[in-house]
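To start, the structure itself, in structure tokens.
The values are calculated or read from the model by the stated rules, or taken from the named source; none is laboratory data. Model, not experiment: these values are computed from the prediction. Glycine also receives a Cβ, built like all others from the backbone with ideal geometry; neighbour counts cover every protein chain displayed. Quick note on the areas: whole protein, heavy atoms, side chains included, nothing else; ligands and nucleic acids left out. Shrake-Rupley method; radii C 1.70, N 1.55, O 1.52, S 1.80 Å.
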Amino acid sequence: MKIGIVTGIPGVGKTTVLSFADKILTEKGISHKIVNYGDYMLNTALKEGYVKSRDEIRKLQIEKQRELQALAARRIVEDLSLLGDEGIGLIDTHAVIRTPAGYLPGLPRHVIEVLSPKVIFLLEADPKIILERQKRDSSRARTDYSDTAVINEVIQFARYSAMASAVLVGASVKVVVNQEGDPSIAASEIINSLM
Amino acid sequence: MKIGIVTGIPGVGKTTVLSFADKILTEKGISHKIVNYGDYMLNTALKEGYVKSRDEIRKLQIEKQRELQALAARRIVEDLSLLGDEGIGLIDTHAVIRTPAGYLPGLPRHVIEVLSPKVIFLLEADPKIILERQKRDSSRARTDYSDTAVINEVIQFARYSAMASAVLVGASVKVVVNQEGDPSIAASEIINSLM
Amino acid sequence: MKIGIVTGIPGVGKTTVLSFADKILTEKGISHKIVNYGDYMLNTALKEGYVKSRDEIRKLQIEKQRELQALAARRIVEDLSLLGDEGIGLIDTHAVIRTPAGYLPGLPRHVIEVLSPKVIFLLEADPKIILERQKRDSSRARTDYSDTAVINEVIQFARYSAMASAVLVGASVKVVVNQEGDPSIAASEIINSLM
């Protein structure tokens, strides 16, 4: 079973690209599963009694948050390993999360060593295009990413962070450009890199 | 107790910003301590008989230097833990040190895993402003940082190094611009990120 | 014995610079050895029965490739340690390898922690000069690096990766420019950084 971690800044079109990847893998008859790391964090936290709602996760003590991160990663690997040797697991998450206290690694050591992916994908696009996509997607007002200089800095720190995570486990880091108007290109590039 | 590691290139104004942070925290009545990593290295080295003067530290065998780095980090954590749960510890050090043999990480694995900070701060400013500040500060002639291209490269490598250290322990990395003429802005930003 | 890891993109002139380093070290009467990491990988793989030819290495299971990488690193350290305390070992390898699945770290944790170098050298040159050198060197047609934007991106990811590897072991990272027409300058800079 091969794991690909798909990261990208809000507004780059990650959800759309992953839905295309799902379609392509289904058409190809490849056993696969696409999971969202944040959802696994929440479900694990609720099930294990860490919190009663999503907002409480951020208020947990740092040690508890790290414990939860590692536990969620183990749950993901358990579920994906049911796909068998030829299966493909794609994990939707972030290389860095932009918080008031700075760039928080999305794949710190205690997570990446559990997930041990083959490839960490950095889904990217021109910051101006990302800004336009954000405006079109009224469902998720992203005021904290509404400036091309900010978007550019996030993309740079995501590259540093992804490479540092990759060095810990010997994974590769692949930049995939989500071209305007045809998300299937990026979806195919992700799939081909894992085959 | 929350630890913030404050890094920055010589001339960016780190000492001034930290003195403002000291004043603000005192006015707010917050239990805090600001320590300099280099001083802890020297005091520990002298006390434990590693050296008889600061200059001898650089001539120590690499293994001995690493041992000393880790020991100094433990001493810092011991002292800062006396601040209690609500206390704030700020550590003045460097993300990279520019040496004749290249950029030496200031927070290698055997140090960052002991310090385990909440945030690693990158205190930055426009390279031209840093150059002017260096010229004004005759007390510390910094010929090895006297070129905006060099300053820019140091800032970039400090970002890569800080992110790699952060990935090891799940800390965040925050760029804080030390604006010309009002170091209290940067000082407040550092404090608010740790509260 | 001091280890320097010399990395650089195909076409930057690494082989030439290392042959100059060999000459200079011999003239200086310094006990030294220059090894190629890829050759050690192949010899170890053949000797231990992992493969029957170089091409088979890439087809090995990821765990087997990592096992082989670590074993080759141990063989290198064993051989270089025969140089004695004043000896200099130079390892010719890559900070990142550009593969169809993205940038693969050349010095992942399970390798860098075995090699534990003093310095990781990034041999660099202006991308346009590298492009010209590639064209002159018909022995190695490098179509996959034949674009200055690609060369620039490889240089950037090599910097992130080298710094992340360096943070794990406390090594320094030194950019060495291979100036056009006189590779002995870069060779001397590498040697002086290790003395």
A:ALA187, sole failed condition from (1) crowded, with 20+ Cβ neighbours inside 10 Å; (2) farther than 20 Å from A:ILE129 by Cα; (3) not aromatic (Phe, Trp, Tyr)
(2)
Out of (1) modelled with pLDDT under 90; (2) of a type in the set (S, T, N, Q); (3) open to solvent by less than 50 Å² (accessible area, probe 1.4 Å), the one C:SER139 does not meet is (3)
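Based on what the data block shows, is A:ILE88 open to solvent by less than 20 Å² (accessible area, probe 1.4 Å) and β-branched (Val, Ile, Thr)?
Criteria met by A:ILE88.
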Working carefully through the options A:ALA149, A:ALA164, find the one that is among the aliphatic types (A, V, I, L, M) and open to solvent by 20 Å² or more (accessible area, probe 1.4 Å).
A:ALA149
Which ones in region C:44-82 are open to solvent by 90 Å² or more (accessible area, probe 1.4 Å), within 24 Å of A:SER172 (Cα to Cα) and without any contact (Cβ under 8 Å) to a residue 12 or more places away in the chain?
C:ARG58, C:LYS59, C:GLN61, C:GLU63
Taking region B:151-185 on its own, how many of its residues are part of a helix (DSSP H, G or I) and free of Cβ contacts under 8 Å to residues at least 40 places away in the same chain?
7
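Name the residue that is nearest to A:SER188 (Cα to Cα), counting only residues in region A:27-65 that are of a type in the set (A, V, I, L, M) and within 17 Å of the chain's Cα centre (by Cα). Show your work before the answer.
First pass over region A:27-65, keeping only residues of a type in the set (A, V, I, L, M): A:30, A:34-35, A:41-42, A:45-46, A:51, A:57, A:60, A:62.
Still in the list and also within 17 Å of the chain's Cα centre (by Cα): A:34-35, A:41-42.
Working: A:ILE34: 15, A:VAL35: 18, A:MET41: 28, A:LEU42: 30 Å.
Per the criteria, the residue is A:ILE34.
List the strands (runs of 3 or more DSSP E) that sit entirely inside region C:77-137 and contain at least 1 residues that are among the charged types (D, E, K, R).
On the way: elements: C:88-93, C:96-99, C:102-105, C:119-124.
Passing ranges, in order: C:88-93, C:96-99, C:119-124.
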Where B:ILE112 falls short, out of the listed (1) away from chain A (no Cβ under 14 Å); (2) at pLDDT 95 or above; (3) closer than 27 Å to B:LEU25 by Cα:
(1)
Failed condition for A:ILE30, given (1) within 18 Å of A:ILE91 (Cα to Cα); (2) not in a loop (DSSP other than H, G, I, E, B):
(2)
Out of (1) modelled with pLDDT under 95; (2) among the aliphatic types (A, V, I, L, M); (3) open to solvent by less than 50 Å² (accessible area, probe 1.4 Å); (4) within 30 Å of A:ILE191 (Cβ to Cβ), the one C:LEU131 does not meet is (4)
